[in-house]
Amino acid sequence: MADNQQVRAWLIPIVGILAVSLAGGVGFQVILQVGSFWGSFLSSSLLIFVIGLILFLAWHGAGKGKTLAWMIFLAFILRFALGIFLAWGLPRYGYPERPQQAGFVFEDAFRREENAWNLAKSGAPISEAFSDAYETDQYGGMLALSALIYRYLSPDAYRPALTAILAAGVMALTVPILTSALRQRFDAQTVLWAGWILVLYPEGILLGSAQMREPFFILFFTLLIWGVANLLEKRKIAPSAILLVLGGVGLFLFSYRIAIPILGVLSLWVWVDLSAQLQKPWIKAVGWLLIILMVLAGLWFLRDWLDAVLHWDVLQTVQRSGMVQSILDSLPDWADFPFILVYGVFQPLLPAAVTAPAPWIWRSLGIFRALGWYALLPLLAYALVKVWRLPKSCKRRWLALIFLMVWAWIFIASARAGGDQWDNPRYRTIFLPWMALAGGWALNFAQRTRDAWLPRILAVEGIFLAVFTVWYLGRYIPEVPRPGLGVMVMVIFVLSGLVLGLGWIKDRRRSRQERDDGPLRRE
């Protein structure tokens, strides 16, 4: 009887996965109509089925649970649906440009997938993806993966949506891995919030529905987090070591320039955690010296690339935005880069997404992405401030380190892509696993402590968005008054100061009242 129940526990979900895969394969061809029906149906169904099996095994290994199952299912289905919708909708409702007419959101993905198709059809070894023959992917990993899909899964027709389906599966796979890793050190509510942020964050949904490298970066990052978390807890040593190797190798195959900072921050996490157990101060000093030398070595190794891209991306930001040009003209030369750096943190700008004229499909996508970032941004700021309220401990040190690294990466992404509303957010999203942790921790902390400062931060953000929305409306509607930049900044600072100042006064009065009432309560 027990054996029959165990067989049913595995057989029923597998049959369900097969049914969903067949339905997805039919929908894939009916909507996109690429090549022959059977070619599209079989290739997409097979890919969805394999992804579904892997996700089921990951769910089982992560402890199962209905909530986790819903998270994984939604993570995949949202990205799958958006990928199919964009592949269908952009040729019809997007701009008359080659990438969009081919169903691509990102031009980089469009050019790389064309090269991957050519490589697959050429009969040349897939390893040529790592040579200098194809400039659309200077690292080769994503190009090779797409070429493998075309050569062995879709040899009869060019179906780039298959790569998008794989990206959706990869992003869904990060959910059970990250939640399993976080359970080693956090309470259930923090893990739950972090998991939902990982599932529902709009930029993550968009990237997981496209033929981009970022979903794979996020997966490899998550594998490394799982391995490190378990090794620090001295659990599952062999699986952790295997996943650390897989995550590290995967990162280097897809981009060694992303691998270096990710491996660097994880090494710093390990050091901060382990150094608390060291008794001799000189060993700690030597360790920190080595960390500093490693950081300097990494910066030296990437110096030419960083210098080139920083200058180029700042130039591109200025050239693409008349508003940025006009603001920079009013600033001293030394303030140009700091302004671009801060400006990039707020991309994609929600007021611009709401007011700027664009085809409905692009406006909807812009609002969707911006809403997600402006929902997460105050949580990241709140987490960085409130983590110092924790008692002095090893946990506070490494948690503060993680939140600091999140903000460091946000500014690096802003510097790397300037104020670009596409490259900047996608670079930033590579750290989504830790951003989800920071957001989940912030929500849990505010809820548990009933802290009023998170609503106040949200109110300040609302003031910022409202003032800038009025300013942007003035760009496109002459009847709407458009104040100058200085006036806007003054209004934002005054109103925000009132919100924060009144909140601080209220807290002081409450604290004083609690002190005065203390003896009466004890009596």
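In whole Å, how far is the Cα centre of the stretch 41-83 from that of the stretch 173-210? For the stretch 41-83 versus the stretch 173-210, the Cα centre distance is 14 Å. Working from label points 7 Å from Cα in the Cα-to-Cβ sense, the residue 26 to residue 57 distance is 2.9 nm. Need the C-alpha centroid separation for the stretch 227-248 versus the stretch 481-516, integer Å. That distance is 47 Å.
Of the listed peptides 103-115, 158-170, what is their order by residue-averaged count of other C-beta atoms within 10 Å, with the highest listed first?
Ranked from most to least packed, the peptides come out as 158-170, 103-115.
Computed from backbone phi with θ = phi - 60° and the Karplus coefficients 6.51, -1.76 and 1.60, the 3J(HN,Hα) list for the stretch 358-368 is 6, x, 4, 5, 6, 5, 4, 5, x, 5, 4 Hz; x is used for glycine and proline. Of the residues 153, 246, 230, the one whose Cα sits farthest toward the positive end of the charge dipole of the stretch 126-248, with +1 on the Cβ of Lys and Arg and -1 on the Cβ of Asp and Glu, is 230. Solvent-accessible surface (1.4 Å probe) assigned to residue 196 amounts to roughly 70 Å². Using θ = phi - 60° in the Karplus curve 6.51 cos²θ - 1.76 cosθ + 1.60, the 3J(HN,Hα) couplings for the stretch 230-246 round to 6, 5, 5, 8, 6, 10, 6, 4, 5, x, 5, 5, 5, 5, 4, 5, 4 Hz; x is entered for Gly and Pro.
Residues 386, 392, 506, sorted by accessible area with the largest first, give 392, 506, 386 [1.4 Å probe; ligands and nucleic acids excluded].
The values are calculated or read from the model by the stated rules, or taken from the named source; none is laboratory data. Owing to the predicted nature of the structure, the values given are computational and were not obtained by experimental measurement. Note: ideal-geometry Cβ built from the backbone for every residue, glycine included; neighbour counts use all protein chains shown. Surface areas here come from the heavy atoms of the whole protein model, side chains and all, with no ligands, DNA or RNA. Shrake-Rupley method; radii C 1.70, N 1.55, O 1.52, S 1.80 Å.
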